[in-house]
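*Asks:* One structure coming up, written as structure tokens, with questions to follow.
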Amino acid sequence: MGSILLRIGIIAAIAGGFWIFRDHLPGAAGDVQVGDCFDAPTTVGETVDDVSHHPCTDPHTAEVIFVGDYPDAATYPGVDAFDAFTEANCITAFNSYTGLDFNTAIEYDMGIFYPLEEGWRDDHEITCYLVRADEGKMTQSVKKAQ
């Protein structure tokens, strides 16, 4: 009986630790959601598999403002089509999410995760995130007060 209680206690401690530190654990870039804060990739054109999540009150370099599926296409659309899609969707999302106008909010810029050609059959998701234009860290959410 004591052995079973010990095992349950260990499992509970592990689960509790995961729950407490979940915002600091790396996770798949494809699993981020609107409002998540993380550290953005540091090189252009880099294939991103994982990101380091952070609570938005801890130093971070990016915040997700839009996640949506590119409309079904029989063939891989390519970067130009993704750029048109993100321009039509992510700027509006930025304006709504922050309460600012992307065209005049020069302190912010935007990054994008889009699917690679080899994964296109299974993944059409586009993620837009904002970053500071000076590449500095943020210590709070940029979401406008509701």
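Taken together, the values in this text are just the output of simple stated rules run on the coordinates, not laboratory data. Here the structure is a predicted model, which means the values were calculated and not measured. Positions of Cβ are backbone-derived with ideal geometry, glycine not excepted, and every protein chain shown enters the neighbour counts.
*Asks:* By counting other Cβ atoms within 10 Å of each Cβ, how are ASP83, ASP36 ranked from fewest to most?
*Replies:* ASP83, ASP36
*Asks:* Please give the length that would be gained between ALA81 and ASP39 if that part of the chain were fully extended, namely 0.36 nm times their separation in residues minus their C-alpha to C-alpha distance (nm, one decimal).
*Replies:* That works out to 12.5 nm of additional length.
*Asks:* Could you list GLU63, GLU107 so that the one with the fewest beta carbons within 10 Å of its beta carbon is first and the one with the most is last?
*Replies:* So the ranking, lowest neighbour count to highest, is GLU107, GLU63.
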